[in-house]
């Protein structure tokens, strides 16, 4: 494999093109994002730590990089960021564990419909 990444870095050109193709939607999304991450019932720092965890759960490299940086800028320590990542890891593993109920139910013959 060459030095190219599957996830190419974003650029000002890409951001501009995204805005040109759907300016109203782009502006609405930007306003929504600003509002979501503003201090409210949860402080901005907490919201950024949640975003770091969610980014790891959705496995979005752009979100991981961006929200890790924003969490740091909001005052998060390396330890807080890593704990948020561990919460995400537990939730992903926990979902597989919890969903084993479906497989066990199927193995026990409780569901007769097959895909």
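The values are calculated or read from the model by the stated rules, or taken from the named source; none is laboratory data. Quick caveat: nothing in here was measured; it's all calculated off a predicted structure. For neighbour counting, all protein chains shown are included, and Cβ atoms are generated from backbone atoms with ideal geometry for every residue, glycine included.
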Filter result for residue 78 (exposed (fewer than 13 other Cβ atoms within 10 Å of the Cβ) and either farther than 27 Å from residue 6 by Cα or modelled with pLDDT under 95 (or both)): no
task: Determine whether the range 42-63 contains at least one residue that is in a loop (DSSP other than H, G, I, E, B) and over 26 Å from residue 9 (Cβ atoms).
output: yes
Counted residues, the range 1-21 - those being surrounded by 10 or more Cβ atoms within 10 Å (Cβ to Cβ) and either touching a helix residue (DSSP H, G or I) at 6+ places or on another chain (Cβ under 9 Å) or at pLDDT below 95 (or both): 6
